[in-house]
Amino acid sequence: MTNDLNQQNDLATVTARALIADALQLLDTMPTFSSQIAAAHLAHAIELIDAADTAPNG
């Protein structure tokens, strides 16, 4: 059961990263201030995902 949950979490993480990367590419084509702010927030979200991936479990 734990292994299945870990696999689901891994898949969710990969999916989230891919969706955020796609959104960042789209925002890169929009030179507005709002899109730059959104891109900064999404970049921070990726940093949080990466930090959670490297955090010790427990």
| task | Using only the Cα atoms, work out Rg/Rh for the chain, with Rh taken as the Kirkwood radius, to two decimals. | result | 1.12
| note | Among L26, I37, Q8, the residue whose Cα sits farthest towards the positive end of the charge dipole of the chain, when +1 is placed on the Cβ of each Lys and Arg and -1 on the Cβ of each Asp and Glu, is I37
| message | Taking R0 as 35 Å, what FRET efficiency do you get between N9 and A40 from their Cβ-Cβ distance, rounded to the nearest 0.05? | response | 0.85
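Which length gain, in nm to one decimal place, applies between A52 and D28 when the Cα-Cα distance is subtracted from 0.36 nm times their residue separation? Mind dumping the intermediate values first?
Working: separation 24, 0.36 × 24 = 8.64 nm, distance 2.58 nm.
Taking A52 through D28 to full extension adds about 6.1 nm, to one decimal.
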| field | Acute angle (nearest 10 degrees) that the helix 33-54 long axis makes with the longest principal axis of the chain, alpha-carbon atoms | value | 20
| note | With all protein chains present, the chain has a carbon and sulfur share of its accessible area (1.4 Å probe) in percent of 62
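Using a probe radius of 1.4 Å on heavy atoms only, what accessible surface per residue do you get for the chain? Whole Å² is fine. It would help to have the intermediate numbers written out before the result.
On the way: 4690 Å² over 58 residues.
Averaged over the residues of the chain, the accessible area is 81 Å².
The values are calculated or read from the model by the stated rules, or taken from the named source; none is laboratory data. Just so you know, these numbers come straight off a predicted model, no measurement behind them. Here the Cβ is made from the backbone with ideal geometry for all residues, glycine too, and neighbour counts use every protein chain on show. Calculation scope for accessible area: heavy atoms of the full protein, side chains included, ligands and nucleic acids excluded. Shrake-Rupley method; radii C 1.70, N 1.55, O 1.52, S 1.80 Å.
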